[in-house]
Each structure stands twice: as C-alpha cells, then as structure tokens.
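The structure under discussion appears below in the form of structure tokens.
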Amino acid sequence: MDLPVDKKKISIVCFSGDFDKIVAAFTIATGAAATNREVTMFFTFWGLNALKRNKGRAATGKSIMAKAFNFLMGGLNNLPLSRLNFGGISPKLMTGMMKKHNVATLPELVEAAHLLGVRIVACEMAMHILEIEKSEMIEEVKDVAGVATFLNESENSHIIFI
C-alpha cells in the first residue's frame, strides 16, 4: 500500500504592484496549483494594490501619507507596466495582446487562482502602515497575516519573490 505523499508547497511573495510581475505571479501560482501543488500568495506593500476591491484611485486611510500612497494604488485595473508604461496605456495594450494570443488575462488568472484553491494572504504590517482594511480587499483574500506567520506556514515551501 502506498503511503500518502505530502503536496509540494510553493509560496509566492508579491511585493511589486507592476502589471507584468503580478501576471507572472498569478501565472506561476495557477500553474503550480494545476499541477497539484499547495500554493500561497503573500501580498505586501505595492503588491497589495492587486487586491484592492474598488477599481480606480481613492485617497483612503486616516493620515495624509496613507491617503497619498493609497491614491497612487488604483487597483487591479490600474497596475503600471514595469517598463515602458506610457502613461498607463501599456497594460491595456498587453491585455489586448494576451487576449489575441488566447492567454489568460489578469482578471481571469485571479479567478483561476481562486477556483484552484490558491491561498491569498495580505500582509498585516503593510496593511497597517498603509491604513488599509481587509474590507477594502477582494473577496479572494481569506487571510491577513504577519511575516512570522507566513514564514512558519511556508517552512517547507519553495519561496519565490516577485
């Protein structure tokens, strides 16, 4: 009789809010989950931008600095391309190219990650600093955790930084 084998684990730290990097993170996450790996995505600082529930820019938070930083974070539909952003038009052009070549778009990748059981975690410290509440996050965010918790839960994981 074969003994059960533990799933391989991958943890992806998303600290960039760049469109192409978030696409890469979700592509790796969904590919790993589809090949029977346990996947956790940990979003911190600018990476939290991809998890904002409201689309568009809003000056949220209590302090002036938090309002300024949160205004810069326009959500999943306003992520800048890491190179050659051209005033925000490049992610739209890239999305068009993805559709043309039958490649999953970022919203489709987020949905696929959810359906495949990818665990999406928001960084407690970054949320505290930026004065972001869990209620401001997309429903796919099931947990808010600190770094120590994330590292303890990722102890036997391959950790990827994007």
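The values are calculated or read from the model by the stated rules, or taken from the named source; none is laboratory data. These figures come from a predicted structure and were not determined experimentally. A quick note on method: Cβ atoms are made from the backbone with ideal geometry, for glycine too, and the neighbour counts reach across all protein chains shown.
Before moving on, here are some points about what is shown:
- Residue that is farthest from the chain's Cα centre (by Cα), among those in segment 37-54 that are within 16 Å of K8 (Cβ to Cβ) and among the aliphatic types (A, V, I, L, M): V39
- Residue, surrounded by the fewest Cβ atoms within 10 Å (Cβ to Cβ), within segment 81-97, restricted to residues that are touching a residue at least 60 places away in the same chain (Cβ under 8 Å) and of a type in the set (A, V, I, L, M, F, W, C): M94
- The set of residues in segment 115-128 that are without any contact (Cβ under 8 Å) to a residue 40 or more places away in the chain and buried (at least 16 other Cβ atoms within 10 Å of the Cβ) contains only E124.
- Those residues of segment 23-45 which are under 16 Å from L106 (Cα atoms), of a type in the set (F, W, Y) and in contact with a strand residue (DSSP E or B) (Cβ under 7 Å, 6 or more places away or on another chain), in sequence order: F43
- Condition met for E136 (touching a strand residue (DSSP E or B) at 6+ places or on another chain (Cβ under 8 Å), in contact (Cβ under 8 Å) with a residue 24 or more places away in the chain and among the acidic types (D, E)): yes
- Only one of the listed residues (L130, L93) is over 14 Å from the mean Cα position of the chain (by Cα), closer than 15 Å to F19 by Cα and of a type in the set (A, V, I, L, M). That residue is L93.
- Residue within segment 61-68 that is farther than 18 Å from A24 by Cα, crowded, with 19+ Cβ neighbours inside 10 Å, of a type outside the set (A, V, I, L, M) and modelled with pLDDT of 85 or more present: no
- Residue list for segment 83-117, filter: assigned to a loop (DSSP other than H, G, I, E, B) and of a type in the set (S, T, N, Q): N85, N102, T105
- For segment 29-52, filtering for residues that are part of a helix (DSSP H, G or I), modelled with pLDDT of 95 or more and crowded, with 18+ Cβ neighbours inside 10 Å leaves 4.
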